[in-house]
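Computed from the coordinates by the stated procedures, all read-outs in this text should not be read as laboratory data. Keep in mind that what you see is a predicted model, and the values were worked out from it rather than measured. Don't worry about glycine lacking a Cβ; one is built from the backbone with ideal geometry, like all the others, and counts go over all protein chains shown.
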Amino acid sequence: MSKLGNLGARLHRGEIAYDFVGKRKIWYGVSILITITAIVGLAVRGLNMGIEFKGGAVFTTPTKMSASVSQAETYAKDASGHDAIVQKLGNGSLRIQIAGIDTGKSDQIKQTLAKDLKLNPENLAADLVGPSWGQQIANKAWEGLGIFMVLVVIYLAIAFEWRMAVAALVALIHDITITTGIYALVGFEVTPGTVIGLLTILGYSLYDTVVVFDSLKEQTKDITKQTRFTYSDIANRSINGTLVRSINTTVVALLPVAGLLFIGGGFLGAGTLNDISLSLFVGLAAGAYSSIFIATPLVADLKEREPAMKALTKRVLAKRAQAADEGDLVADRAPADDSDDAAPAVVGPRNQSAPRSRGRGRPSGKRR
C-alpha cells in the first residue's frame with residue numbers, strides 16, 4: 001500500500017487525526033482575511049465585464065495577418081475611442097473586441113479598422129451585441145445563482161438539518177466571494193463561461209461538503225447516549241476520515257483545469273480559455289478549503305449551542321477530568337522502590353504476571 005493510502009486508512013480508522021475543529025478560530029481568521037482582501041479588490045478594481053454583459057462589437061480578421069496584436073489594439077482604440085481586447089487565434093486571425101460602443105457606429109468603426117489593417121471591409125467579420133441583451137444575460141446569471149442557492153439550502157435542510165444547510169450556504173458564499181475577488185485582482189474578463197465555471201465549482205464544493213456531512217450524520221446517531229466524545233470530537237473524526245478522499249478528488253479535478261489555465265491560456269495563448277479555467281481553478285481550491293476548514297467546524301459551533309449538546313460536553317469533560325484525577329492518584333501512590341515492604345496499589349485489572357505473596361498480609365480466621 002502506498003504511503004498516502006496507508007495514511008488515509010489510518011485517518012479513517014481514527015489511529016491518527018488532526019484537530020481541524022479545535023483550531024477553527026484560526027481557519028475563521030484566515031478566511032475572514034482572504035474574504036476582506038477579495039471584497040477590497042472588488043470595491044477598488046471592480047470586475048472586467050465582458051462584451052456579453054456590456055454590449056459592443058467583435059471583429060474577426062482573416063488568417064495570416066501582418067499586423068501584430070499591439071498594433072491592432074492601437075488601431076481599434078483610434079477607430080472607436082474605447083479600449084479594445086485583441087487576441088490572436090490559432091489559425092493566425094485576430095479577434096478584436098470593443099465593449100461599450102454604440103452598435104449604430106459599428107459600420108463606421110469597421111470601415112476605419114479595415115482601412116488601418118489594409119483589409120477589404122467585406123473580409124472583416126463583425127458580430128454585434130446590444131447592451132440590453134447583455135443586461136438580460138447578467139440578470140439571468142444572478143437568477144440562476146439565486147435559484148441554485150435556494151435549492152441547495154432546501155435539499156440540505158431536508159436531507160440533514162438546517163444547521164448543516166446554513167454552514168453549506170456560508171461555505172458557498174465564501175467560495176463565490178473569493179473567486180470573484182481573484183477575478184477583480186487579476187483583471188480577467190467575466191464572460192458567460194465564467195458564470196458556468198462558478199456554477200460548476202459550487203457543485204464540486206457542495207459535493208465535498210455533503211460527503212463530510214453524511215459521515216457526520218452517521219456517526220452522531222444516539223450521540224447523547226454515550227460520554228466518550230463530544231460533537232466536536234466526532235465532527236473532527238468525520239473530517240479526518242474523508243480527508244484523503246477530498247484531497248484526491250480535488251487534485252484530480254485541478255490537474256486538467258491547471259492545464260487549461262497555465263498551458264492553454266498562458267503558453268499557447270488561448271485567451272478564450274481563461275474566463276472559465278480561472279474560475280474553475282480558484283473555485284475548486286476554495287471549495288476544498290471551505291469544506292474542510294469552514295463548513296464542518298461551523299456545524300460543530302452551531303450544534304454545540306443546543307442544550308442537549310451542552311449537557312453532553314459537560315458530562316464528557318467531567319468524565320475526562322475524573323479519569324485524569326484517578327491517573328494522578330495512581331501515580332502518587334506508586335512505590336518509590338521495589339522492596340518487599342512496599343505494597344503496590346492496584347487499580348483496574350490484576351497483573352497476572354506479578355508473583356503472589358504467600359502468608360503476607362493474609363487476614364486471620366478460617367480460610368474459605
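Taking packing as the residue-averaged number of other Cβ atoms within 10 angstrom, the listed peptides 47-58, 219-230, 111-122 run from highest to lowest as 47-58, 111-122, 219-230. Full extension of the chain between Q135 and R45 gives 30.3 nm of extra length, using 0.36 nm per residue less the Cα-Cα distance. Taking 7 Å steps out from each Cα toward its Cβ at D19 and L33 produces label points 2.1 nm apart. Full extension of the chain between A125 and L145 gives 3.8 nm of extra length, using 0.36 nm per residue less the Cα-Cα distance. Taking 23 Å as the limit for the C-alpha separation, the pairs K105/K140; K64/K118; K54/K105; K23/K225; K25/K319; K54/K118 exceed it in the case of K105/K140; K23/K225; K25/K319; K54/K118. A Förster radius of 51 Å combined with the Cβ-Cβ distance from L255 to E326 puts the calculated FRET efficiency at roughly 0.45. Between K105 and K310, the simple spin-label model (points 7 angstrom out along Cα→Cβ) gives 6.6 nm.
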